[in-house]
Each structure stands twice: as structure tokens, then as C-alpha cells.
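Student: Here's a structure for you.
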Amino acid sequence: MTTAALVLVPGLLCDERLWRHQAEGLADLAGRVLVPDVTGGDSVAEMARGILDVAPGRFSLAGLSMGGYVALEVMRQAPDRVEALALLDTSARPDTPEQTEARLALIGLARTGRFDEVWRGLLPKIVHPDRVGDPELRTTVREMAHAVGPGGFERQERAIIGRPDSRDDLIGISCPTLILCGRDDALTPPHLHEELADGILGARLRQIENCGHLSTLERPEAVTNAMREWLESLADQLAEST
């Protein structure tokens with residue numbers, strides 16, 4: 001065991017299935033693995049407070065996409081509680097006007113009974129082109145989307161729209177940090193992860209080949225291996241400090 005707990009924060013329209021491989025593959029390195037419910041809050045600040053309410057005093061933290069935005073908010077609210085940080089397929093930047101417009105259009109679809117069009121329309125943007133037709137991956141994305149539901153989706157999108165610019169906060173992050181993305185991530189491309197890695201002192205950048213935005217589902221073994229190295233680096237740091 002290297003960390004008291006490992007908190008894995010899902011992205012938009014995702015639940016614990018997003019992290020299933022990592023939760024199982026990293027359980028031996030954590031006293032507890034927790035995948036919080038982030039469907040109830042309509043701001044990243046509220047989502048972060050919810051995580052801090054249920055997490056133990058100290059923990060390692062990983063977030064993918066929207067989960068990364070929430071993880072950065074946790075770092076603003078309680079940096080002393082986070083032992084190590086992993087940011088996957090995400091960005092430190094706020095929403096652009098164009099992104100906000102697209103999100104509001106999707107909210108409109110969800111409100112008018114066309115929720116299936118939401119996840120189907122997002123699928124080609126969130127997975128590698130070679131995996132769009134993968135039946136197992138499509139089923140997982142569909143089931144997660146329906147578990148979140150139209151109401152949860154709207155709250156999440158509004159939280160994403162209202163998220164702050166985190167770029168100036170990166171310099172204050174000092175715990176062992178992993179930045180990871182699919183090399184073919186179309187939503188948050190590699191250059192945004194290079195920005196994250198450049199902003200956080202000592203951060204390690206990993207790019208997964210033949211992989212899009214949902215890296216934990218598309219290339220689970222590669223992601224779990226990278227996260228194992230990240231947690232082992234925490235163990236090394238803790239050993240050096242004792």
C-alpha cells in the first residue's frame with residue numbers, strides 16, 4: 001500500500017465503469033479506491049466539496065476530462081489533502097464561447113427527449129476513429145450515459161461551462177503529478193497536456209498511442225501501467241521523507 005486512498009473522478013456522462021480497470025489494477029497500491037458520484041452538483045466547486053466530504057483525510061486523486069476540472073478544483077480547495085495528482089485527457093483552460101454554444105445545444109437535445117442523440121453524437125469525438133464501431137465500447141458509453149441521465153448531464157455541462165481558468169494555479173501544485181492523454185484525443189489534444197505538464201513542476205507527461213479521449217476505456221492496460229508508475233513514485237517520495 002502506497003496511498004491511504006485513491007479517488008478516481010469520472011468525466012462527463014461517465015460513472016465508475018470509466019475507471020473499472022484502474023480501480024481493480026491499482027487496488028494493491030491503495031488502502032481504499034473511491035469513485036465519487038459527480039452527477040448532483042452544478043458547479044465544479046460543489047463537486048469538489050462533495051468529494052472532500054466523503055474522501056479520507058489524505059488521498060491520491062485522478063480525474064479524466066470533467067473529472068480533471070474537478071480535480072484541479074480540489075487542489076484549490078484542499079491541496080494539503082492530496083498526496084498525488086493525475087490529470088487525464090483534460091485541460092486547465094476555461095470553456096471557449098464556441099464550446100459553450102455546443103454544450104447548450106446538447107442540453108437542448110436532452111431537454112426535448114433526444115438524449116440518445118447526445119451520447120451518439122459525442123461518441124466519434126471521444127474515442128479513436130478505429131474504436132467508434134467497437135460494440136463493447138459503445139455499450140459501455142451508452143450505459144454510463146443513461147446512468148447519468150438527462151438531468152445529471154445538464155448539471156455536469158453547466159458545471160463545465162462555468163469552470164474557472166486553472167492555468168495560474170498550476171505553479172502551486174507540488175505533489176507527484178501524472179499528465180496523461182491519448183495521442184489522438186480530439187477534445188483535449190496533446191498540446192493542452194503539454195501546457196499542464198509545463199505548468200506543474202516535476203510533472204510526468206505520458207501520451208498513449210492509438211487512443212482518443214476515453215483513454216481509461218480505450219487503452220486500459222497502458223493507462224493502468226502509467227498510473228501504477230505514478231503511485232510508485234509517490235511511494236518513493238514518502239520513503240525518502242521518512
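The values are calculated or read from the model by the stated rules, or taken from the named source; none is laboratory data. Keep in mind it's a predicted model, so treat the numbers as computed, not measured. So basically every Cβ, Gly included, is an ideal-geometry build from the backbone, and we count neighbours across all protein chains shown.
Student: Residues of the stretch 157-183 being part of a loop (DSSP other than H, G, I, E, B) and surrounded by fewer than 20 Cβ atoms within 10 Å (Cβ to Cβ), which ones? Don't jump to the end; show me each part of the working.
Tutor: Residues of the stretch 157-183 that are part of a loop (DSSP other than H, G, I, E, B), as a first pass: 162-166, 173-176, 183.
Listed by number, the residues that qualify are GLY162, PRO164, ASP165, SER174, CYS175, ARG183.
Student: Inside the stretch 1-58, can you point out the residues that are among the β-branched types (Val, Ile, Thr) and touching a Gly at 6+ places or on another chain (Cβ under 8 Å)?
Tutor: THR3, VAL9, VAL38, THR39, VAL44
Student: Quick one: is GLY133 modelled with pLDDT under 95, farther than 27 Å from ARG111 by Cβ and either outside any helix (DSSP H, G or I) or β-branched (Val, Ile, Thr) (or both)? Even if it seems obvious, please write down each step before you answer.
Tutor: Numbers: modelled with pLDDT under 95: yes; farther than 27 Å from ARG111 by Cβ: yes; either outside any helix (DSSP H, G or I) or β-branched (Val, Ile, Thr) (or both): yes.
Yes: the conditions hold for GLY133.
Student: Separate question: Which of the residues that make up the stretch 103-146 are within 25 Å of ARG163 (Cα to Cα), touching a residue at least 60 places away in the same chain (Cβ under 8 Å) and of a type in the set (Lys, Arg)?
Tutor: LYS125 - this is the single residue of the stretch 103-146 that is within 25 Å of ARG163 (Cα to Cα), touching a residue at least 60 places away in the same chain (Cβ under 8 Å) and of a type in the set (Lys, Arg).
Student: I'd like the full set of residues that are crowded, with 17+ Cβ neighbours inside 10 Å and under 18 Å from the mean Cα position of the chain (by Cα), limited to the stretch 127-153. Can you show your working first?
Tutor: Step one: list which residues in the stretch 127-153 are crowded, with 17+ Cβ neighbours inside 10 Å, which gives 127-128, 131, 137, 140-141, 144-145, 148, 150, 152-153.
Listed by number, the residues that qualify are VAL127, HIS128, LEU137, THR140, VAL141, MET144, ALA145, VAL148, GLY152, PHE153.
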